[in-house]
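The structure appears below as structure tokens.
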Amino acid sequence: MSEIMMQSTFAVPKPLNLINGKWVPSHTGRVLPVISPIDGIPFSDIADSDERDLDEAVIAARKAFESGPWAIFTATERGRLMAKLAARILEEVEPLAQLETKDNGKPIKQARTDMIMAARYFEFYGGAADKFHGEVIPFLQGYDVGMHREPHGVVGVILPWNYPAQQIGRSIAPALAMGNTVVLKPSEDACLSGLRIAQLALEVGFPAGVFNVVTGRGDVVGKALTEHRGVDFISFTGSPEVGTMIQIAAAKNYVGCTLELGGKSPQLVFEDADLDAALPVLVNALIQNAGQTCSAGSRVLIQRSIYDQVVEKLKARFEAVDVGTPGDDAIMGPVISAKQKQRVESYISEADQPLIASGCISECAPAGGFYVAPVLFGPCDPNSKIAQEEIFGPVLCVIPFENEAEAIAIANGTDYGLVASVWTRDGARQKRVAKALHCGQVFINNYGAAGGVELPFGGVRKSGHGREKGIIALHEFSRIKTVVNYFGD
Ligand code: NAD
């Protein structure tokens, strides 16, 4: 067992899946290495599962949904259990964060925040479990009509690697709150915190089969999960390319899905903006998690009259970013894998837009890690490749604009529409621009709202559809049955 495993008291026997309340090996007998992005060294293994493991997990989830103790849990009981899980996660913030940092590469402070957020999702949705219900519909004389809210059944959850623990909270907590059972296929690139959270769920008393985890490759286990006839709903977070496949598979099985996909989110800076407040946020909205955030603010649109002034300040901030400093001082860590590093670096080397500045990689960064210094390009053609495509790395494009209409046109001028921010002191402009932007969240004079568990989140077009976070997610993870009772005139 590696050092990090002992430090983090990560006691999951490995490499195993969690199926029907038990840790079981894969039928394949194969494993996938877990490589730390910090130094590029393998430090653990996960099961390289296949369709047989997945099938067992779906059968267990179905049984738990239909006839296990979970089927007769009241909403209040579900909520209590979720609150217990939240409390356990909070007790384990430090070891879980250490594990996440080792597995995913993110700075330890961010990993701690992620664990607190993961717990917060279970608190929030646990608290909502018995407060979100159906309605009675006034109808004709002699009728009693109820709109009953029911769980879908077995929910398949497929997640990426960028915020593994937070995303578990975001997708699994609302699913459980509504009484579904879950089969999770975490990312093969970072899934240890997810395995540990599943273990904690078992420890606090979630019945067998309610929360199952099968690790492995996307084109094997993920594909099998989306195509399985025993799955009633799919929650997918990941790339638009895979999201398209998920949607096709869901359509073939006539089940619903939410797709939380990528983004190319704009930050609009008008000439009346409070620049002192805006500047650190503009940079952090990009470099957080090494640019590997679906809602990263990867385009900064600046009004021409203040363009030079803002760019000068952004340049100074970019040049000051030190990547890969270990420990509590870390601001930006490595990207997730050698493949991702190579992908981001090829965007940078092939970019045909002017380079303004780049940060540097710390001398203390361990050799072999997947570090990429943040890069600032501009003035960029809004239609250039780097200003249009999601790079999912620390690359920021600055784009000048003349007026409000042009700013809106550029902001809406990509295939994506996830998040946007607007920096202006003009109240009427705040409202006009927020209304005109095509996306799921608009932040006025701020960005991201620290994750905002309470705030509905999701995209339009290539950023996906459906909404997670907030009470609205409970709509997605439940369905309505109308019961019409005729009792006579
Ligand atoms: P990805 O789409 O490659 O993988 C996501 C998950 O899908 C992984 O678990 C993977 O194993 C699985 N998968 C891969 N092929 C599959 C298939 N054929 N069938 C079923 N499942 C399959 O994405 P990634 O590289 O892990 O993450 C990066 C992408 O995710 C970026 O585009 C990013 O913007 C997006 N993302 C979006 C959000 C959001 O909330 N909108 C959040 C995080 C990441």
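Derivation of every value follows stated rules applied to the coordinates shown; laboratory data play no part. Just so it is clear, the model here is predicted, and its values are computed rather than measured. Backbone-built Cβ (ideal geometry, glycine too); neighbour counts: all protein chains shown.
Structure data summary
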quantity	calculated
R0 of 22 Å, Cβ-Cβ distance residue 482-residue 66: FRET efficiency to nearest 0.05	0.50
Computed helical MRE - 222 nm, the chain, DSSP H runs ≥ 4 contributing -39500 (n - 2.57), nearest 500	-11500 deg cm²/dmol
Angle in degrees between helix 307-319 and the longest Cα principal axis of the chain, rounded to the nearest 10	70 degrees
Vicinal HN-Hα couplings computed from phi for the stretch 196-213 (Karplus, 6.51 cos²θ - 1.76 cosθ + 1.60; Hz; Gly/Pro x)	5, 5, 5, 5, 5, 4, 5, 4, 7, x, 4, x, 3, x, 6, 10, 10, 10
Candidate aspartates and glutamates for bridging to residue 264, where Cα separation is under 20 Å - those fewer than 8 sequence places away on the same chain excluded	241, 345, 350, 352, 381, 389, 390, 404, 406, 415, 468
Acute angle (nearest 10 degrees) that the helix 93-104 long axis makes with the longest principal axis of the chain, alpha-carbon atoms	60 degrees
Debye, to nearest 20: dipole size of the chain, +1 on Lys, Arg Cβ, -1 on Asp, Glu Cβ	820 debye
Sum of side-chain charges, residue 274 neighbourhood, beta-carbon under 15 Å (Lys, Arg +1; Asp, Glu -1)	-1
FRET efficiency estimate (nearest 0.05) - Cβ-Cβ, residue 461 to residue 253, R0 35 angstrom	0.90
Estimated FRET transfer efficiency when R0 is 35 angstrom, pair residue 449-residue 141 (beta carbons, to 0.05)	0.15
On Cα atoms only, tilt of 75-91 relative to the major axis of the chain in degrees	50 degrees
Over 30 Å between alpha carbons, listed pairs 22/109; 22/481; 431/469; 185/315	22/109; 22/481; 185/315
Convex hull volume per residue in cubic angstrom - Cα atoms of the chain	147 Å³
